[in-house]
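The values are calculated or read from the model by the stated rules, or taken from the named source; none is laboratory data. Please read these numbers as outputs of a predicted model, since none were measured by experiment. When we count neighbours, we look across all protein chains shown, and the Cβ atoms used for this are built from the backbone with ideal geometry, even at glycine.
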Amino acid sequence: MNIKMSKRLTILAMLLSMLSIAADKNIPLEVFAEPAKYKTIQISPSGKYLAFTYEDGTEVKMGVLERETLKPTAGFEFGENRHVVGFDWLNDERLSMTVQTRVGWLDGTNPRTYWAAANADGSNRRVLWDDRNLGSLTMIDTLKDEPDHVLAVRRMWLDGGKVKLFKVNTENNKQSYISDSPKAAAFTDPGVIGFGTDTKGNVRFALEYDNGEDENIPDDDTISLHYKNKNSDE
């Protein structure tokens, strides 16, 4: 018997065993229909904390626990129909969260998106970006050598949705424009639409898009990927 076949039989035996146990215990169908208690769970980079989101009525809230003791250290809630739709660990002790209003996909409700940050113990809570600023701010990388900072792409609708690269201090929300960000060619519209970084947080890639002569006809649209050599300034 070959190794692959042996592994398959082992897995099959385990599944049959599990089904047999389930049948013996006569688990009611209601158990499988119950909503999940937790939606998303992430462990902190140091392994000290667990952050998780969970439903509570019309809200999706977020909590933080010490991993070893399961002792709660912080809780975050934002009001009726407000959902934590995503979150990320920024460093060992701080995390960010994206919050939106969620009622129904087709009801036309303004999601009122904002991006916030807080420490794992619930202190130093700050809103880093609010969609009332008529644009968006999206993190693209954390900076291991600067744990209080992240790289983020900012789009302003008043600027035609063009993207610019900023370094954001998540402790005090100071945002610094990175002047050597990749620039679009003069003739492309909308121009650079995204950036990519290497493992050290250096911007090495830029994605450029051009609508062509007629923005309503996609046949003449072009997409270009630009790569910056490690030892180059261009």
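Side notes on the structure shown:
- Filtered residues of region 176-213 (kept if in a strand (DSSP E or B), modelled with pLDDT under 75 and farther than 18 Å from Phe166 by Cα): Pro190
- Taking the numbered list (1) modelled with pLDDT of 90 or more; (2) in a loop (DSSP other than H, G, I, E, B); (3) not assigned by TED's automatic domain parsing to the domain that holds Leu207 in turn, Val127 passes all entries but (2).
- Hey, Ser136 surrounded by 12 or more Cβ atoms within 10 Å (Cβ to Cβ), in a loop (DSSP other than H, G, I, E, B), among the hydroxyl-bearing types (Ser, Thr, Tyr) and at pLDDT below 85 or not: no
The rows are residues; the columns are (1) crowded, with 17+ Cβ neighbours inside 10 Å; (2) hydrophobic (A, V, I, L, M, F, W, C); (3) modelled with pLDDT of 85 or more.
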| position | (1), (2), (3) |
| --- | --- |
| Val163 | yes, yes, no |
| Thr170 | yes, no, yes |
| Pro218 | no, no, no |
| Ser224 | no, no, no |
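- Residue check, Ala51 in contact with a Gly (Cβ under 8 Å, 6 or more places away or on another chain) and in contact (Cβ under 8 Å) with a residue 60 or more places away in the chain: yes
- Yes/no for Thr170 being among the polar types (S, T, N, Q) and in contact (Cβ under 8 Å) with a residue 60 or more places away in the chain: yes
- Filtering region 108-124 to residues that are free of Cβ contacts under 8 Å to residues at least 60 places away in the same chain and assigned to a loop (DSSP other than H, G, I, E, B) leaves Gly108, Thr109, Asn110, Pro111, Arg112, Thr113, Asp121, Gly122, Ser123, Asn124.
- Taking (1) closer than 24 Å to Ala206 by Cα; (2) in contact (Cβ under 8 Å) with a residue 24 or more places away in the chain; (3) surrounded by 15 or more Cβ atoms within 10 Å (Cβ to Cβ) in turn, Asp145 satisfies each apart from (3).
- Qualifying residue in region 142-152 (condition: hydrophobic (A, V, I, L, M, F, W, C), outside the structural domain of Tyr54 (by TED's automatic domain parsing) and at pLDDT below 85): no
- Among (1) closer than 21 Å to Arg154 by Cα; (2) modelled with pLDDT under 90; (3) among the small types (Gly, Ala, Ser), the one test that Gly86 misses: (2)
- Looking across Glu34, Glu68, Glu80, Glu30, one residue alone is at pLDDT 85 or above, over 23 Å from Pro147 (Cβ atoms) and among the acidic types (Asp, Glu). It is Glu80.
- Gln100 fulfils the conditions (1) in contact (Cβ under 8 Å) with a residue 24 or more places away in the chain; (2) in a strand (DSSP E or B) except for a single criterion, (1).
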